[in-house]
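Beneath this line is the structure, given in structure tokens, with notes to follow.
The values are calculated or read from the model by the stated rules, or taken from the named source; none is laboratory data. Being a predicted model, the structure only gives us computed values, none of them experimental. When we count neighbours, we look across all protein chains shown, and the Cβ atoms used for this are built from the backbone with ideal geometry, even at glycine. The area values use the complete protein model at the heavy-atom level, side chains included, leaving out ligands, DNA and RNA. Shrake-Rupley method; radii C 1.70, N 1.55, O 1.52, S 1.80 Å.
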Amino acid sequence: MIAETTTHVPTPAPRGQRVVAQARFEAGILVRNGEQLLVSLVLPVLALVALATVSYPDLATPRIAVVAPGVLALALVSTAFTGQAIQTAFDRRYGVLRMLATTPVGTDGLLAGKALAIGAVAAAQLAVLGLLAALMGWRPDPLGLLLAPVTGALGVWVFVALALLVAGAMRAEAVLAVANLAWVLIAGVGGLLLPGGTLGGTVAAIVRWLPSGALGDAFRDQLAHGSVPLLPWLVLLVWGAALSLAVLRTFRWRD
């Protein structure tokens, strides 16, 4: 009599566990990337120290009250946009995205894992920068601290969507150049690091409607003045919805 043998077919882990595992993997890549750490932490620290100690441009007193929220916004964009655009573009070029899309985590789980990873890494870097700013004399408004996670979440959504839009539409080498150039422009004249008013009336009227200007204004309004930044939030919501729709229509999983 021949005994029957059964083959055990492994079943995928629950969806939540798959997403968390993917998020852990994505976060590990982010924190081990030397170039990413330079852009997301070292350069914002240098900007914080420099702008808080020099006398140009003219800012409200104390300067740290204006500089610190802008630096937090800059750091968030560095992680959510610059790092993700470059990493996603090269993952697509080398077939990593195509491979991961065929695993049990799936395309939705991959994107959810990326979002969780970016949120966790951004929260850690904002905490580090906030502590440094506090040691330099920054005293954020308590209400602003409670509202900051809302602004942070909106900022991550908008700039991750922008990163995916760029990464899915261009070759990896082009994304590398565009993402770094965009970071410089956003930091310098995008209303992110400093208020748009420091750039002149016409420019200020334009940048307040850009996602970078809205993110910077939201952080400054709530952390410096304790106000609820309803208009900047609305601008971020509109940009987030528009960019997400564009990503759904144009993103390519293979090069």
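The figures follow:
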read-out	value
Separation in nanometres of the label points that stand 7 Å from Cα toward Cβ, at residue 55 and residue 171	5.1
Charged-residue dipole, Cβ positions (Lys, Arg, Asp, Glu), segment 14-88 about Cα centre, Debye nearest 20	360
Carbon plus sulfur fraction of accessible area for segment 98-255, probe 1.4 Å, in percent	74
Choice from 87, 17, 222 with maximal GNM fluctuation in the chain (Cα, 10 Å cutoff)	17
The chain, accessible area per residue, ligands and nucleic acids excluded (1.4 Å, Å²)	50
Normalised contact order of the chain, rounded percent, pairs of Cα under 8 Å and 6 or more residues apart	26
Extension gain (nm, one decimal) between residue 205 and residue 17, 0.36 nm per residue minus Cα-Cα	63.1 nm
Cut-off under 5 Å, modelled amide H: who pairs with residue 226 long-range	141, 144
Label-to-label distance, nm, for residues given as residue 146 and residue 228 (7 Å Cα→Cβ offset)	1.1
Sites residue 99 and residue 180 - FRET efficiency at Förster radius 30 Å, r taken between beta-carbons, to 0.05	0.65
Distance in nm between pseudo-label sites at residue 198 and residue 139 (7 Å out along the Cβ direction from Cα)	2.2
J(HN,Hα) series, segment 245-251, from Karplus relation 6.51 cos²θ - 1.76 cosθ + 1.60, nearest Hz, glycine and proline x	5, 5, 5, 4, 8, 10, 5
Rel. contact order, % - alpha carbon contacts under 8 angstrom, at least six apart, segment 196-255	23
Calculated from backbone phi, Karplus (6.51, -1.76, 1.60) coupling profile of segment 182-189 in Hz, x at Gly/Pro	4, 4, 5, 5, 4, 5, x, 10
On Cα atoms only, tilt of 106-135 relative to the major axis of the chain in degrees	30
Choice from 218, 47, 242 showing the highest fluctuation, given a GNM over the chain with Cα pairs closer than 10 Å	242
Pairwise centroid distance, computed over Cα atoms, of segment 165-181 with segment 85-145, Å	18
Residue-wise HN-Hα coupling along segment 211-227, computed from phi with Karplus coefficients 6.51, -1.76, 1.60 (Hz; x: Gly, Pro)	x, 5, x, 5, 5, x, 5, 4, 4, 5, 4, 7, 7, 8, 10, x, 9
